[in-house]
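Read through the structure below, which is laid out as structure tokens, and then see the notes.
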Amino acid sequence: MEKINGGVCAAPGFQAAGAFGGIGKNEKKGDMALILSDTVCNTAAIFTKNKVQGAHIKVSRKHLENGKAQAILCNSGNANTCTADGVDVAEEGCRLAADACGISPYDVLPASTGVIGEPMPIEPFKVGVLKLKEGLSYTGSTSAAKAMMTTDTYPKETAVQFTAGGKTCTIGGAAKGSGMIHPNMGTMLVFITTDCAISPEMIQKALSDEAPASYNQISIDGDTSTNDTVFLMANGKAGNAEITEENADYKAFCEALHEVSVDIARMVAGDGEGATRLIEAHVVHAPSLKAARAVSKSVICSNLVKAAMFAADANWGRILDAIGYTDADFSADNVDVSIHSDKGEITVCKATAAVPFSEEKAAEVLGEDAVYVEIDLHDGDFEASAFGCDLTYEYIKINAEYRS
């Protein structure tokens, strides 16, 4: 597997563009994105489990009943959630994009992110869709990724190449997410494209199985968004024999999808609203996968741990506390904890007890942009990771002023 550039346009046959239609306030960034495949794709999706859901989710579920799609139309600045005519606006946006691109409106998947409960006008789509069509490019991933952003500080893109059926295949992705992130499948949107040939059933299985290992292991603030969406589109242009069963090619596809998904998870977590560093918790030797995932996520969700990380304070008791209240079956009698970054590694706890360490060295290790917490439960053979960020004064400021 090899990491490459190109984001959602890395796989052959996909174009993308970003444009400004007038929903948001930043004309330079844009507020609409379009991703278009040359051909209809086998497509999978996962959505938020929040009981209150954005209008685009209702429309996308309907459009994906046949497991096919050819385009994604995304807007930022307005979540199109809890509005009287949200579904009508989402459907009309799809029709406008379809007419511009010469495809069926049922092959367009809408997505929205931004403020909840604000009326969504259709006029910006009439302006923005035409700009998007004019701007479509096989190198347009970054333009689209920028237009998706709300409080994100940079566009999030990634791509890898792998081999399936003797053919070189590519998976690429673009994402937005910075606040209201605690997926349960924030506002997190992830769009993934591939030229690998894979059946609708297997692509949905791959994405559904991947979500618990990566997307559902992200948390910035504990708030599950109304709009969380992940789309995965496969146009089959790589020319490999279509993957229709769980064979070696399917395994290679899943490994590449996991690489892209974890990369996105790290970017989203590290760019949390007001964050100064990524916190990644890695649990090993757990008695079950469920326990490993639960413990790692408990640690990165703890506000006390997050606040300590902001201060570069190795207050490891907070980590043990978060481990201890995790709702899972495991023993906490023999827990080891170490913390590492590019500045080195310190062990702060062995056998669920204190060990001497240098506070000065600890502050240096915790002062980096990415900090990794290693937790050994000594209670089994399973492992998992979770992805979060520190809690800062700036987080409060951003969300206190979000609508102003």
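Counting only Cα atoms, the size of region 1-70 along its three principal axes is 36, 36, 24 Å, in decreasing order. Working note: Karplus 6.51/-1.76/1.60 with θ = phi - 60° gives region 321-335 the couplings 4, 5, 4, x, 8, 4, 7, 7, 8, 6, 8, 10, 7, 9, 9 Hz, where Gly and Pro are set to x.
Among the GluC sites (Glu not before Pro) in region 341-404, those placed in a DSSP loop whose Cβ has at most 10 other Cβ atoms within 10 Å are 401. For Cα extents along the principal axes in Å, several values are listed as [x] 97, 51, 38; [y] 59, 47, 39; [z] 67, 53, 35; flag the one computed from this structure. After the calculation, the listed value that fits is [z]. For region 241-298 and region 53-131, what is the separation of their C-alpha centers, rounded to whole Å? That distance is 29 Å.
Taking other residues whose beta carbon is less than 13 angstrom from the beta carbon of residue 92, and scoring Lys, Arg as +1 and Asp, Glu as -1, yields -3. Applying a threshold of 19 Å to the alpha-carbon distances of 28/156; 361/397; 58/156; 29/133 flags 361/397; 58/156 as lying beyond it. For residue 290, list the lysines whose Cα falls under 26 Å from its own Cα; do not include residues on the same chain fewer than 8 positions away. Straight-distance partners of residue 290: 49, 51, 205, 251, 306, 350.
Taking the Cβ-Cβ separation of residue 245 and residue 88 as r and a Förster radius of 56 Å, what is the calculated FRET efficiency to the nearest 0.05? Walk me through the intermediate numbers first.
Numbers: r = 41 Å, r/R0 = 0.73.
So, using R0 = 56 Å, E works out to roughly 0.85.
Cys residues of the chain that find no other Cys beta carbon under 4.7 Å: 9, 41, 74, 82, 94, 101, 254, 301, 349, 389.
Expressed in nm to one decimal, what extension gain is obtained for the pair residue 167 and residue 25 from 0.36 nm per residue of sequence separation less their Cα-Cα distance?
Here the segment from residue 167 to residue 25 would lengthen by 46.7 nm.
If you take all other residues with their beta carbon under 13 Å from the beta carbon of residue 65, and give Lys and Arg +1 and Asp and Glu -1, the sum is +3. When the charge dipole of region 14-113 is built from unit charges on Cβ atoms (+1 for Lys and Arg, -1 for Asp and Glu) and taken about the Cα centre, the candidate among 39, 103, 90 whose Cα reaches farthest toward its positive end is 90. For the pair residue 123 and residue 208, what calculated FRET efficiency results from E = 1/(1 + (r/R0)^6), where r is the Cβ-Cβ distance and R0 = 22 Å, to the nearest 0.05? Using R0 = 22 Å, I get an efficiency of 0.05.
Spin-label model, residue 255/residue 359: points 7 Å from Cα along the beta carbon direction are separated by 4.7 nm. The sum of -39500 (n - 2.57) across all DSSP H runs of n ≥ 4, divided by the residue count of the chain, sets its helix-only mean residue ellipticity at 222 nm to -9500 deg cm²/dmol.
Given their separation in residues at 0.36 nm each and the Cα-Cα distance between them, residue 68 and residue 4 gain 20.4 nm when the chain is fully extended. Excluding residue 362 itself, what net charge comes from residues whose Cβ is under 11 Å from its Cβ, given Lys and Arg +1 and Asp and Glu -1? Neighbourhood net charge equals -3.
Computed from the coordinates by the stated procedures, all read-outs in this text should not be read as laboratory data. These numbers were taken from a predicted model, which means no experiment stands behind them. Quick reminder, even Gly has a Cβ in these numbers, built from the backbone with ideal geometry, and neighbours come from all protein chains shown.
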